[in-house]
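This report concerns only the one structure given below.
The values are calculated or read from the model by the stated rules, or taken from the named source; none is laboratory data. A quick note: this is a predicted structure, and the numbers were derived from the prediction, not measured. So basically every Cβ, Gly included, is an ideal-geometry build from the backbone, and we count neighbours across all protein chains shown. Surface accessibility is based on the protein's heavy atoms, side chains included, excluding ligands, DNA and RNA. Shrake-Rupley method; radii C 1.70, N 1.55, O 1.52, S 1.80 Å.
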Amino acid sequence: MSKVQFKKALLVAAALAVTTSAAAAGKLEIFSWWSGDEGPALEALVKLYKQKYPAVAVDNATVSGGAGTNAKAVLKTRMLGGTPPDSFQAHAGQELIGTWVVANRMEDLSALFKSEGWDKAFPKDLTALISSKGGIWSVPVNVHRSNVMWYNPAKLKQWGVTVPKTWPEFITTCATLKRKGVAAPLVMGENWTQQHLWESVMIGTLGAQGWQDLFSGKIKFTDPRVVGAFTTYGKVMDCANKDASGLSWQQASDRIVDGTSAFNIMGDWAAGYFTTTKKLAPGTGFGWATSPGTSKVFVMLADSFGLPKGAKNRAEATNWLKVLGSKAGQDAFNPLKGSIAARIDSDLSKYNTYSKSAATDWKNSKIVGSMVHGAVAPESFTSAFGAIIDQFAATKNSAGAAAAAQQLAVKAGFSK
Amino acid sequence: MKGLTKDRLWAIAVLTPSLLLLGIFVYGFIARTVYVSFTDWGNDPAQALALNPIIKWVGFANYQELFTGFLQGRFRQEMVSTIFFTVFFILGCLGLGLGLALALDRNPKGEALWRTIFLFPMSLSFIVTGTIWRWMLQPQGGVNQFPTAVGAPASTFGWLSSTDSIWKFDWNLLPIITAVVVAIVMGVLAYRAFASGQRTRTIVAGASAAVLLLWAIFIAPNLKMLPAPELHGFNLALIGIIIAAVWQMSGYTMALYLAGLRGIPEELREAARVDGANEIDMYRRVVFPLLSPITLSAMIILGHISLKIFDLVYAMAGPDNTFASVPALNMYLTSFRQNQFALGAAIGTILLILVAFIIVPYLSSQFRTEESH
């Protein structure tokens, strides 16, 4: 064998080795709506996955658009067309369960939760929210809090008011501020932010247990307490700006910064907006408290990934879910996304000031799910509920809105 | 074999593929949508996206739900909104378009440049127009700041965020209103037929007007579509969207009118002048009557655009602002967010019927004139 021939043989062998390993490696397609600001966080997860499984080619399919409105439509056509992605993003809880689990399109992940020890790593209340019919249906990646009230500490001092602890107190504070010339003590934005506010008022009035009973069908929307909460919501709306539907949540947050309004109820992604975009210091530049009446409650929403039936690369997708649920995965993703880990054992030194306080509450509070962000109600309810809120804004008819909500709940299948 | 000449065979061979494609992808899908609208697909969440959903025939239940269901007030408001939108959009485009065309027809300086400028908005997509106008109509900015240029306080009108509406009426009165309006139209037709001496026409139109009026007076008041009164009217949040739509399409209407004006022979105008017509009379008696076919075409083109409008509203007010919403937007949300495919298909079918009301009479009149030539 000459030297040249030997070299050739080596090359061929090397080439063969490469092709076989490539064939064994396989692919993974993940489907999400994380692009733009949230892109780097997802990239960090993909990087971690590639470190563990270097041979897998990851196809990161994102369809941009706030809260996934576009992505969800694309996902539906793909699922109906018989080409599901290997793993896709969905809001944890009923948004996934009410759409895909009831249609028998998802795989039960109970076994994975057991083998990975996730039944202990995640809080029990959270696991209950992502379970139904005896199965667990998705792996939560991050957690956001919905019931946070934001304010401008310097401005509150100037006006001489303190942060209200209950909704009746809030309405009194609102009257005080109006006397001092603040036209709209509360700022809200387009329709979903109003539903977001409604949720905080409802939980603050009914309490965590009442809220859970409402969405398990134990109490009806026509219950006098719920109708009363609608009335309170109407009074809270009287404190708010009149141009709400023209504002995005960022524009609404701006009015806290510039002191046009005193309070804003928004999810804790606002913390990222205040610190990163507005360059404000937590605690001094902007302040936060739990929304009135919800001090020991954590109203959560979470993004999660599930495993659709018929996924082409099932093994790779399962590995992806393992990375998502791991401590390393959650601590790589969440500091960049501005959320906290769903696990209770995360490394808090990696997180910013706001997230640290939220993570502490995550461990110590009663956890309930958000309605507007898909945790406790299916899409068919949440999407149509917006029209009820708009109608209520025009008529202020509590009993009518409650009756409509009850019919919607019956139609969506969680109440009788 | 007189019928199958070589020419005909060729024609058939060339037309078949496009007829097949049209048949499947347009008419087949229309038929499928209409079929779906008579089923309950999606009413049960468990069946909506199942692999092999169990779908039952429910007849007109979805349509009944849309027009009389407690939860579908949004759809009813959108139907009212779309009618107002269409009327103001067409009036705005025709008025502005005709005005611009008349101005340009007098050959002002730089006429070609002006023509391009006026026509330019049409080349933008509705999404672009919508985004620009949304910015300009922001509560604190753009248009609302105009008054400050002359020292007046800034306007506070909520162009897209207003929740007020005017000209409200109870949805329960809809059958009466419809019957009375149709009866009036029939009455006018009967009077015209009488004036021109067509006896049968007069009797038919007059009789149907009388029947409708009697029905409206004696039977309709007993019909209750909804258990409680439900007020719908013209939502002020639509004004901004109408302005944007008129801005976009009036240049196109101008081009149509300009072509019509240029097509009027100079001799006719001169003849009118010789007969002693002044400028106003000439327009009233000579120019405008000759432009009426253009007006009709413009109304049909604009009318079907406005009934189907989706992207402009989506870009300007977003999908969740129910005060500035249209049926096409609701159809999208109902089908793809709430997974209620049958209800969405019913909204789509209603839109198709509305558009057909405009298009079909036009097409048939076109066919008739073509055949008579």
Being within 22 Å of the chain's Cα centre (by Cα), farther than 30 Å from A:Thr382 by Cα and away from chain A (no Cβ under 14 Å), is that true of even one residue in segment B:44-64? no
Give me the pairs, please: first residue somewhere in segment B:101-115 and under 12 Å from B:Tyr257 (Cβ atoms), second residue anywhere and open to solvent by 100 Å² or more (accessible area, probe 1.4 Å) and not small (Gly, Ala, Ser), beta-carbon distance under 8 Å, and either six or more positions apart or on two chains. B:Leu104/B:Trp114; B:Asp105/B:Arg262
For residues in segment A:309-326 being open to solvent by less than 30 Å² (accessible area, probe 1.4 Å) and small (Gly, Ala, Ser), which is farthest from the chain's Cα centre (by Cα)? A:Ala311
Taking the stated definitions as given, is B:Thr86 in contact (Cβ under 8 Å) with a residue 40 or more places away in the chain, open to solvent by less than 40 Å² (accessible area, probe 1.4 Å) and among the polar types (S, T, N, Q)? yes
Which listed residue, of B:Phe29, B:Phe38, B:Phe67, B:Phe25, is under 33 Å from the mean Cα position of the chain (by Cα), open to solvent by 40 Å² or more (accessible area, probe 1.4 Å) and within 25 Å of A:Glu379 (Cα to Cα): B:Phe67
Could you tell me which numbered condition A:Ser248 fails, if it satisfies all but one of (1) within 14 Å of chain B (Cβ to nearest Cβ); (2) small (Gly, Ala, Ser); (3) open to solvent by less than 20 Å² (accessible area, probe 1.4 Å)? (3)
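Just a yes or no: is a residue in segment B:349-360 touching a residue at least 40 places away in the same chain (Cβ under 8 Å), assigned by TED's automatic domain parsing to the domain that holds B:Lys56 and over 14 Å from the mean Cα position of the chain (by Cα)?
yes
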Looking only at strands (runs of 3 or more DSSP E) that fall completely inside segment A:226-308, which ones have 1 or more residues that are farther than 19 Å from A:Val201 by Cα? A:287-290, A:303-306
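Pick out the one residue from B:Ala112, B:Ala152 that is among the small types (Gly, Ala, Ser), more than 25 Å from A:Asp254 (Cβ to Cβ), part of a loop (DSSP other than H, G, I, E, B) and more than 13 Å from chain A (Cβ to nearest Cβ).
Every option except B:Ala152 fails the conditions.
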All but one of (1) surrounded by fewer than 19 Cβ atoms within 10 Å (Cβ to Cβ); (2) away from chain A (no Cβ under 14 Å); (3) under 27 Å from B:Lys308 (Cα atoms) hold for B:Leu268; which doesn't? (3)
Odd one out for A:Gly306, checked against (1) more than 14 Å from chain B (Cβ to nearest Cβ); (2) under 16 Å from A:Leu45 (Cβ atoms): (1)
Filtered residue count, segment B:41-64, keeping only those that are part of a helix (DSSP H, G or I) and either of a type in the set (Phe, Trp, Tyr) or buried (at least 21 other Cβ atoms within 10 Å of the Cβ) (or both): 4
Whether any residue in segment A:327-345 is in contact with a helix residue (DSSP H, G or I) (Cβ under 6 Å, 6 or more places away or on another chain), within 14 Å of chain B (Cβ to nearest Cβ) and open to solvent by less than 50 Å² (accessible area, probe 1.4 Å) is what I want to check. no
Look at segment B:329-357 and say how many of its residues are closer than 24 Å to A:Phe392 by Cβ and either more than 10 Å from every other protein chain (Cβ to nearest Cβ) or open to solvent by 20 Å² or more (accessible area, probe 1.4 Å) (or both). 7
Would you mind finding the one in A:Leu206, A:Leu197 that is among the aliphatic types (A, V, I, L, M), more than 25 Å from A:Leu156 (Cβ to Cβ) and either surrounded by fewer than 22 Cβ atoms within 10 Å (Cβ to Cβ) or in contact (Cβ under 8 Å) with a residue 40 or more places away in the chain (or both)? A:Leu206
So which residues in segment B:227-246 are among the aliphatic types (A, V, I, L, M), within 13 Å of chain A (Cβ to nearest Cβ) and open to solvent by 10 Å² or more (accessible area, probe 1.4 Å)? B:Ala228, B:Leu231, B:Leu236
Only listed residue being crowded, with 21+ Cβ neighbours inside 10 Å, outside any loop (DSSP other than H, G, I, E, B) and in contact (Cβ under 8 Å) with a residue 12 or more places away in the chain, chosen from A:Ala404, A:Ala399: A:Ala404
Could you figure out which of (1) more than 14 Å from every other protein chain (Cβ to nearest Cβ); (2) buried (at least 24 other Cβ atoms within 10 Å of the Cβ); (3) within 30 Å of A:Gly413 (Cα to Cα) isn't true of B:Val326? (1)
Quick one: which of B:Thr178, B:Thr200, B:Thr148 is more than 20 Å from B:Asn321 (Cα to Cα), surrounded by fewer than 17 Cβ atoms within 10 Å (Cβ to Cβ) and in the same structural domain as B:Ala315 (by TED's automatic domain parsing)? B:Thr148
Among the residues in segment B:273-282, are any open to solvent by less than 90 Å² (accessible area, probe 1.4 Å), among the charged types (D, E, K, R) and either at positive phi or modelled with pLDDT of 85 or more (or both)? yes
Considering B:Phe75, B:Phe67, which residue is within 14 Å of another protein chain (Cβ to nearest Cβ), among the aromatic types (Phe, Trp, Tyr) and part of a helix (DSSP H, G or I)? B:Phe75
I'm trying to understand the selection: among the residues of segment A:30-48, which are crowded, with 21+ Cβ neighbours inside 10 Å and outside any helix (DSSP H, G or I)? A:Ile30, A:Phe31, A:Ser32, A:Trp33, A:Trp34
From B:Gly23, B:Gly3, which residue is at pLDDT 90 or above and among the small types (Gly, Ala, Ser)? B:Gly23
Determine which member of the set A:Gly134, A:Gly68, A:Gly93 is open to solvent by 50 Å² or more (accessible area, probe 1.4 Å) and out of contact with any Pro (no Cβ under 7 Å at 6 or more places or on another chain). A:Gly134
Scan segment A:107-127 and give yes if some residue there is within 14 Å of chain B (Cβ to nearest Cβ), open to solvent by less than 50 Å² (accessible area, probe 1.4 Å) and in contact with a Lys or Arg (Cβ under 8 Å, 6 or more places away or on another chain), otherwise no. yes
